[in-house]
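See structure below.
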Amino acid sequence: MLDEKAAVRISRFLSLVLRHQPEAVGLVLDEGGWVDVDRLIAACAAKGRRFSRADLDHVVATNSKKRFAYSADGRRIRASQGHSVAVELGLEPAAPPDVLYHGTAAATLPLILRDGLRPMARQHVHLSVDVATAVRVGSRHGRPVVLAVDAAGLAAAGHVFRVSANGVWLTDAVPPDRLRPLPRD
């Protein structure tokens, strides 16, 4: 069984490989972001990042953000969302809740209020269903700020939303007039 530190190291490395740089281990993701599990394990081992299928199973099952998913037959794996490489996750459009949330660092707030939310280096803007998750996301880069997103208004205006396997809501962009900073406690 993996200890927590080893599981975090593997998870971070998998995020790099399955979301951003599959070429770092000599892999190419298919159009849906999938890669064969055995090829992933072998490619990572060839680059000095050794882990077993049992280790991988542990990381997938215990990752608190459910960042990774196996195919139905268990032979392939992919990141649930957050890709900077072009993939088509095959997620169907879904009706969002009336309000979604986006966590960011306080330093980015003026730019976001001017330009709205854009995917930046990723394929989609990521939104959460609860404030607590948005606070955790915003805390990664400094003092967090949470923005309420008028998801119902955006959907009514024709914006498309999708929800990933791990519950993260995805959309192409959010204009500034659909954002409202929440007061800090």
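The values are calculated or read from the model by the stated rules, or taken from the named source; none is laboratory data. Remember, it's a predicted structure, so these values are computed and weren't measured experimentally. Here the Cβ is made from the backbone with ideal geometry for all residues, glycine too, and neighbour counts use every protein chain on show.
Descriptive notes on the structure:
- Within the range 80-104, the set of residues being modelled with pLDDT under 95 and hydrophobic (A, V, I, L, M, F, W, C) comprises 85, 86, 87, 89, 91.
- Scanning the range 146-171 for residues that are modelled with pLDDT of 95 or more and either surrounded by fewer than 16 Cβ atoms within 10 Å (Cβ to Cβ) or more than 14 Å from residue 100 (Cα to Cα) (or both) gives 152, 153, 156, 157, 158, 160.
- Residue that is nearest to the chain's Cα centre (by Cα) [pool: residues in the range 23-33 that are surrounded by 19 or more Cβ atoms within 10 Å (Cβ to Cβ) and not β-branched (Val, Ile, Thr)]: 33
- A single member of 68, 51 is aromatic (Phe, Trp, Tyr), within 24 Å of residue 4 (Cβ to Cβ) and out of contact with any strand residue (DSSP E or B) (no Cβ under 8 Å at 6 or more places or on another chain), and it is 51.
- Scan of the range 144-170 for residues that are in contact (Cβ under 8 Å) with a residue 60 or more places away in the chain, on the phi < 0 side of the Ramachandran plot and outside any helix (DSSP H, G or I), ordered by number: 160, 161, 162, 163, 164, 165, 166, 168, 169, 170
One line per residue, one yes/no per condition, for (1) in the same structural domain as residue 169 (by TED's automatic domain parsing); (2) at pLDDT 95 or above; (3) aliphatic (A, V, I, L, M); (4) under 30 Å from residue 120 (Cβ atoms):
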| position | (1), (2), (3), (4) |
| --- | --- |
| 18 | no, yes, yes, yes |
| 35 | no, yes, yes, yes |
| 39 | no, yes, no, yes |
| 44 | no, yes, no, yes |
| 54 | no, yes, yes, no |
| 57 | no, yes, no, no |
| 63 | no, no, no, yes |
| 70 | no, yes, no, yes |
| 74 | no, yes, no, no |
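- Within the range 171-185, the residues that satisfy the criterion of being in a loop (DSSP other than H, G, I, E, B) and of a type in the set (A, V, I, L, M) are 173, 182.
- Count - residues of the range 1-43 that are in contact with a helix residue (DSSP H, G or I) (Cβ under 8 Å, 6 or more places away or on another chain) and aromatic (Phe, Trp, Tyr): 1
- Residues in the range 10-22 that are surrounded by 17 or more Cβ atoms within 10 Å (Cβ to Cβ) and over 14 Å from residue 59 (Cα atoms): 17, 19, 22.
- Residue list for the range 51-84, restricted to those being of a type in the set (D, E, K, R) and touching a Phe, Trp or Tyr at 6+ places or on another chain (Cβ under 6 Å): 76, 78
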